[in-house]
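A.B. asks: I am attaching a structure below and will ask some questions about it afterwards.
Nothing in this text is a laboratory measurement; each read-out follows from the coordinates by a stated rule. Bear in mind that the values here come from a model prediction, so they are computed numbers and not experimental data. Virtual Cβ from ideal backbone geometry, glycine too; neighbours counted across all protein chains shown.
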Amino acid sequence: MSMEAKILMIIASNNFRDEEYLQPKQILEHAGAKITTASSSIGSITGMLGATAQATVTIDDADSNNYDAVIFVGGTGASEYFKNKRAHEIAKQTFDSGKIIAAICIAPSTLANAGILEGKSATSYPSEQSNLESKGARYTGEPVTRDSNVITGKGPEAATLFGNEIVSALSE
């Protein structure tokens, strides 16, 4: 399968979760997608386990209209987007346009806080269950949950499954 999808992957400016970025990125690139990595700062960013990523655009300059999907990557640093107005705007714009919006680990809390998980089935790292439920999500606890154009993943052990589910959704 080959696709020409353009994907925006949003990582924390420090301590993104390596597998949750690298595994979906590799799966998506293998399927033909073009990945742009965004963060709150441009340049080399280090993950929790030491992997590095190059952020080429800030979330302030990222335009979700230019992408077919937006992915919020987890890791302890991902909490920087929980209350970030621009992150919420990107999530809402992507969701409202019917494009794929995805988040893994603790990052689904950014989607919940943006108001797009209300009435949706979703999963996340267990520490975020109560926040998702308080924002109206039906917490599944599954490795990966898809509800229409929203895809959520539980944590690093689900990173490959998460990436495959995004490819599947983009292929429909």
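A.B. asks: On the principal axes of its Cα set, how long, how wide and how thick is the stretch 93-172? Give whole Å, largest value first.
C.D. replies: Ordered largest first, the stretch 93-172 gives principal extents of 32, 29, 15 Å.
A.B. asks: Related question: Once the other residues with Cβ under 13 Å from the Cβ of Phe16 are scored (Lys, Arg +1; Asp, Glu -1), what is the net sum?
C.D. replies: Residues close to Phe16 contribute a combined charge of -2.
A.B. asks: Is there a pair in Lys6/Lys99; Lys25/Lys120; Lys92/Lys135 whose C-alpha atoms are over 21 Å apart, and which pairs would that be?
C.D. replies: From the list (Lys6/Lys99; Lys25/Lys120; Lys92/Lys135), the Cα-Cα distance tops 21 Å for Lys25/Lys120.
A.B. asks: Scanning the chain for helices, which whole DSSP H stretches are 15 Å or more long along the axis (Cα) and average 1.0 or more by Kyte-Doolittle?
C.D. replies: 159-170
A.B. asks: Dividing the Cα convex hull volume of the stretch 1-100 by residue count, how many Å³ per residue is that?
C.D. replies: 81
A.B. asks: Mind checking Rg over Rh on the chain, alpha carbons, Kirkwood formula for Rh?
C.D. replies: Result: Rg/Rh = 0.92.
A.B. asks: Place a +1 charge on the Cβ of each Lys and Arg in the stretch 53-119 and a -1 charge on the Cβ of each Asp and Glu, then give the dipole magnitude about the Cα centre in debye, rounded to the nearest 20.
C.D. replies: The calculation lands at about 160 debye.
A.B. asks: Give the distance, in whole Å, between the Cα centre of the stretch 12-90 and the Cα centre of the stretch 146-162.
C.D. replies: Here the answer is 15 Å between Cα centres.
A.B. asks: Using the Cα centre as the reference, give the magnitude of the dipole from point charges on the C-beta atoms of the stretch 6-170 (Lys, Arg: +1; Asp, Glu: -1; all else neutral), rounded to the nearest 20 debye.
C.D. replies: My answer is approximately 160 debye.
A.B. asks: Using amide H atoms built in the peptide plane, which far-off residues or other-chain residues are under 5 Å from Ile104 H to H?
C.D. replies: Distant-sequence amide H within range of Ile104: Phe72, Gly74, Gly153.
A.B. asks: Right, something else. Could you rank the peptides 134-142, 71-79 by their average count of other C-beta atoms within 10 Å per residue, with the highest value first?
C.D. replies: So the peptides 134-142, 71-79, ranked by packing, come out 71-79, 134-142.
A.B. asks: Based on the mean of other beta carbon atoms within 10 Å per residue, what is the order of 84-95, 105-116, 156-167, most packed first?
C.D. replies: 105-116, 156-167, 84-95
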